[in-house]
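The values are calculated or read from the model by the stated rules, or taken from the named source; none is laboratory data. What you see is a predicted model, and the numbers here were worked out from it, not measured in a lab. Note that we place each Cβ from the backbone using ideal geometry, even for glycine, and neighbour counts take in every protein chain shown.
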């Protein structure tokens, strides 16, 4: 499949413009580092939902490099794991129970109704214009009793001790991302709406957990120091990939302006005097055992 190159970065050609982050080696490295960040955050777990050991069919939406799907397939060798993405960047050598497809989750899903036992979504902020529709389709294609789990970061960093100044470049970075999401109609901050949108889609037994992910190694707690190390590394590697297309095409900045801005943001992220963290929210919920064939959907 063909790719396109802009400003020295490679992007997917399928559904061109549907997703703003690149799919080149540097960005793929960021995705794999981010996976390690999530493992550290969840104490080595791939998910929190109470799925059964005899799970059969699993769908990983927006699978990226496929690293989560591959790890899940290794952990559950009797499960059939499908990862979907807009970009064909997944490896060829994968477990026999894992496969990948190029697909757009914003289109109508073609899977059988009540097909999957578990649907996993992670870090897709700013990429979907209609999350309620995604949840409705997930509800339709999950088996009764199946689970959905969605993990997203908050858009804005927080600080409990006042060391994150209002004029910190990290806050300016978040402001620009928020404005870009408003202009594209694809929200960058999903945390406030995930639970309510799942409930509207028909899910029950919903649980939410919020995790603090420090930016850097400023925490005294060893576990949080390790988590902060992974978080800073993934931010550092992925920063320009996240910024270039949105800030040039959507926000009207020049490439040199973006590069200077990213240098300032990177320096701020590395400053150990700033005790900042991203709240990450994990929401999982269940399709009722006695359920209609389709989601009740939204009222108009």
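Some values worked out for this structure:
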{"read-out": "Residue satisfying condition, being part of a strand (DSSP E or B) and either free of Cβ contacts under 8 Å to residues at least 60 places away in the same chain or in contact with a strand residue (DSSP E or B) (Cβ under 7 Å, 6 or more places away or on another chain) (or both), within set 182, 208, 257, 217", "value": "208"}
{"read-out": "Top-ranked residue of segment 93-115 - restricted to ones that are in contact (Cβ under 8 Å) with a residue 40 or more places away in the chain and within 14 Å of residue 63 (Cβ to Cβ), ranked as surrounded by the most Cβ atoms within 10 Å (Cβ to Cβ)", "value": "105"}
{"read-out": "Filter result for residue 240 (modelled with pLDDT under 95 and either part of a helix (DSSP H, G or I) or closer than 20 Å to residue 258 by Cβ (or both))", "value": "yes"}
{"read-out": "Considering residues of segment 187-196 that are in a helix (DSSP H, G or I) and surrounded by fewer than 21 Cβ atoms within 10 Å (Cβ to Cβ) only, the residue nearest to the chain's Cα centre (by Cα)", "value": "195"}
{"read-out": "Tally, over segment 71-81, of residues that are touching a strand residue (DSSP E or B) at 6+ places or on another chain (Cβ under 6 Å) and over 21 Å from residue 34 (Cβ atoms)", "value": "2"}
{"read-out": "Flag if residue 226 is in contact with a helix residue (DSSP H, G or I) (Cβ under 7 Å, 6 or more places away or on another chain), in contact (Cβ under 8 Å) with a residue 60 or more places away in the chain and either part of a helix (DSSP H, G or I) or within 26 Å of residue 271 (Cβ to Cβ) (or both)", "value": "yes"}
{"read-out": "Residues of segment 26-45 that turn out to be crowded, with 18+ Cβ neighbours inside 10 Å and either over 17 Å from the mean Cα position of the chain (by Cα) or within 19 Å of residue 207 (Cβ to Cβ) (or both), as a count", "value": "2"}
